[in-house]
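First comes the structure, then the notes that go with it.
The values are calculated or read from the model by the stated rules, or taken from the named source; none is laboratory data. What you see is a predicted model; the values in this text were computed from it and never measured. Glycine also receives a Cβ, built like all others from the backbone with ideal geometry; neighbour counts cover every protein chain displayed. Calculation scope for accessible area: heavy atoms of the full protein, side chains included, ligands and nucleic acids excluded. Shrake-Rupley method; radii C 1.70, N 1.55, O 1.52, S 1.80 Å.
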Amino acid sequence: MKRLFSGMQPTGALHLGNYIGALKNWVALQDKYECIFCIVDMHAITIPYDPKLMRERIFNAAVDYLAAGIDPLKSRIFIQSHVPQHTELAWLFNTVTPLGQLMRMTQFKQKTAQFSDGGEDVKADADGSADERAGFLALAGKVNAGLLTYPVLQAADIMLYKAEAVPVGEDQVQHIELTRDVVRRFNNAYGEIFPNCEALLSNAPRLKGLDGVAKMSKSIGNHIPLSIEPAELERKVTREAVSDPRRVRRDDPGVPEECNVFDWHRIFSPDEDQIWAAQGCRSAGIGCFQCKKKCAENIEKLLAPMREKRERFTKNPDDVWDILNMGAAECLRIAQATMEETRRAMGLI
Ligand code: TYM
């Protein structure tokens, strides 16, 4: 079986975007690959955070993985910092990674804008002005070096286990491409040690948030946590989710294809509810509130069993820590072998 690696940052409660873009795929791929799922705490500390909350966040991420259906009997789950070889390999990879390529990474530019400035007014997409701004802020000392070399650590995460498949959302594809570049450069310099890897995308690799515009993201606050309670889920979807702006009044017809709530129906609802929503919207037979309420009910059908499992794990925290420790012990063995081979190839031993 080929090996698969992926990870999430413990930046708080995981949300529907994480699930639909990646976690759901992880669960489905467990029988096709030898899977390693990581909680990437070393990545999470590249932005401001509260150390008092970190342990709890790591725990919650692990519980979310398990509640979503990651099976510790099939897959390894562990905390990145428990296997120190991740940072060691990242250092070695730094030496074959051009600085310019790191400075051009979209996520680096976005985070630079977001965390050095309050950020809302900075349009941090791939355009030149954001480039210049990111460069300027970085040089002005407002950005830590970890944020810049973040994707190199990600490349090390994957290659420490020589993983060939990396299930992620669309926003991570650039980092997987960088991983391939790092591998190519490393192998050219020191011999064929690392394999090629590819991103595996789900059928909804970029789920939009409640605002119907931006990618669902905790840092923007347009997200729905996987751990949300049913009443709050209904409130958020019916009151906060932006739907088709054409439907100002109840009897204005809408265009479902241009409505984010309909996109969510396509992901979370069975066929009959999708048809009901599309026809009702076009003919103004149903109102947006009804349509959203049905959508919330279908999201709840997905989240209810996770909630039950989450409670079970939360009540037995030692079981969760045991799973994480066991995962780390197994990953450590693989990591040590890769590092031995890598150090040898580089003439270090
Ligand atoms: P992170 O923690 O930001 O997100 C975890 C995963 O969720 C996906 N995702 C989404 N997918 C679809 N729609 C959305 N709205 C959405 N929001 C998040 C992300 O694409 C990701 O797959 N750098 C990574 C973590 C990482 C990693 C790795 C991933 C570190 N090392 C090695 C794979 C392999 C990150 O920040 O993900």
Keeping all protein chains in position, work out how much accessible area residue 57 exposes to a 1.4 Å probe, and write it in Å² to the nearest 10.
60 Å²
For a quick check, take a GNM of the chain with Cα springs below 10 Å and name the residue from 298, 94, 188 with the largest mean-square fluctuation.
188
What aspartates and glutamates sit close enough to residue 236 to cross-link, taking a C-alpha to C-alpha distance under 18 Å and skipping anything fewer than 8 places away on the same chain?
211, 244, 263, 297, 300
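In Å³ and rounded to a whole number, note down the convex hull volume per residue for the Cα atoms of the chain. Walk me through the numbers on the way to the answer.
Working: hull volume 50.6 nm³, N = 349.
For the chain, the hull spanned by Cα atoms encloses 145 Å³ per residue.
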Can you sort 49, 33 by solvent-accessible area, 1.4 Å probe, largest first?
49, 33
With the calculation restricted to Cα positions, what are the radius of gyration and Dmax of segment 230-310 in angstrom?
12.7, 42
Over segment 4-70, calculate the relative contact order: mean separation of alpha carbon pairs under 8 Å at least 6 apart, over the residue count, as a percent.
53 percent
Please compute the per residue accessible area over the chain with all protein chains in place, 1.4 Å probe, rounded to a whole number of Å².
47 Å²
Which of the listed residues, 233, 284, 268, is farthest toward the dipole's positive end in segment 230-310, when Lys, Arg count +1 and Asp, Glu count -1 at the beta-carbon?
233
Per-residue accessible area for residue 321 at 1.4 Å probe radius, Å² rounded to 10?
50 Å²
When every alpha-carbon pair in segment 274-349 is counted, what percent end up more than 15 Å apart?
74 percent
Can you name the helices of the chain, as whole DSSP H runs, whose Cα span along the helix axis is 20 Å or more and whose Kyte-Doolittle mean is not below -0.5?
51-68, 145-159, 317-345
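Got a number for carbon plus sulfur as a percent of segment 230-310's accessible area, 1.4 Å probe? Working shown, then result.
Numbers: 2220 of 4200 Å².
So the carbon and sulfur contribution to the accessible surface is 53 percent.
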